1. Calculate, in nm to one decimal, what GLU101 and VAL187 gain on full extension: separation in residues at 0.36 nm each, minus their alpha carbon distance.
2. Please give the contour-minus-distance gain from VAL92 to GLN157: 0.36 nm per residue of separation, less the Cα-Cα distance, rounded to one decimal in nm.
3. Tally Lys/Arg at +1 and Asp/Glu at -1 over every other residue whose Cβ is under 11 Å from the Cβ of GLU96; what's the total?
4. Short version: ³J(HN,Hα) in whole Hz for each residue of region 148-158, in order, from phi by Karplus 6.51 cos²θ - 1.76 cosθ + 1.60 (θ = phi - 60°), x for Gly and Pro, what are they?
5. Averaging sequence separations of C-alpha pairs under 8 Å and six or more residues apart, then dividing by the length of region 8-191, give the relative contact order as a whole percent.
6. Please list 3J(HN,Hα) in residue order for region 167-176, calculated via the Karplus relation 6.51 cos²θ - 1.76 cosθ + 1.60 where θ = phi - 60°; whole Hz, with x for glycine and proline.
7. Amide H of GLU115 versus every other amide H placed in the peptide plane: which residues, excluding those fewer than 5 positions away on the same chain, fall under 5 Å?
8. Taking R0 as 35 Å, what's the FRET efficiency between LEU207 and LEU147 from their Cβ-Cβ distance, rounded to 0.05?
Amino acid sequence: MNDSSFDEDSLLALSGIQHFAYCRRQWALIHLEGQWSESVATVEGRHLHDRVHSRLSTEARGDILVARSLALVSRRLGLYGVADVVEFLRPVHESEDCLVELPGRTGKWVVRPVEYKRGRAKPDERDEVQLCAQAICLEEMLGAKVLSGCIFYGKTQSRVLVEFTQALRDRVEQLAKEMHSAFERRVIPPPGPLSKCGLCSLMDVCLPKAVSRRGRQVQQWVVRMVSLIDKDTGGAI
């Protein structure tokens with residue numbers, strides 16, 4: 001992504017990068033058309049986030065400070081959102097460029113975002129790119145390197161540590177760039193692999209099988225018309 005900065009009116013929802021990484025059609029239906037449909041999974045996920053955000057906005061736990069519902073923004077990525085939890089920890093071996101000073105607190109602190117998810121760890125990287133995007137926002141806002149974060153999965157009641165590698169950062173940069181391009185075009189893409197659709201709450205809105213079948217029919221019609229034209233003209237068009 002280039003070094004240009006997005007203005008406030010051009011910012012996109014950071015949470016959308018998880019949708020975009022999983023299914024561009026899902027992202028477009030939600031973020032371009034405003035479509036949404038609840039399922040058991042989405043309701044449970046919303047309740048989990050509500051419980052997290054309903055607690056004190058900040059609290060101390062020994063050498064850890066916990067901040068909830070922290071507003072995030074990256075003018076470079078063009079994303080804004082809210083972090084479920086950001087933890088500030090006393091440093092152990094971190095270098096100076098990984099430390100921040102906090103108002104009203106002594107010493108310096110390490111920054112670690114924590115995202116809460118209802119289910120369990122995914123086979124793809126959609127959750128990791130969302131967390132990494134949060135980290136890039138925090139780096140831009142606080143001026144300190146964020147090396148890792150955690151995802152808490154409600155189904156397994158476990159935390160997964162995520163290292164923000166350069167490959168993951170590059171992936172976030174590319175997805176953010178593609179999101180802005182897709183938002184400017186405002187085109188709803190066709191469905192992707194139908195194997196992803198089974199648990200999507202937008203199945204009845206997306207209609208992936210019907211759209212895919214219609215798309216194949218149109219493609220077959222175009223191929224048939226072109227072949228007929230070639231036959232009539234001897235290929236000389």
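Here, each number is a calculation from the coordinates, and none is a lab measurement. What you see is a predicted model; the values in this text were computed from it and never measured. Neighbour counts are summed over all protein chains in view; Cβ atoms, including those assigned to glycine, are modelled from backbone coordinates with ideal geometry.
1. Roughly 26.5 nm would be gained on extension.
2. Fully extending the segment from VAL92 to GLN157 adds 20.8 nm.
3. Around GLU96, the charge tally is 0.
4. Those phi angles translate into 7, x, 9, 10, 9, 9, x, 5, 9, 6, 9 Hz.
5. Relative CO of region 8-191 lands at 23 percent.
6. Coupling constants for region 167-176: 5, 5, 4, 4, 5, 4, 4, 5, 5, 4 Hz.
7. Counting only residues 5 or more places away or on other chains, the set is CYS150, ILE151, PHE152.
8. 0.25
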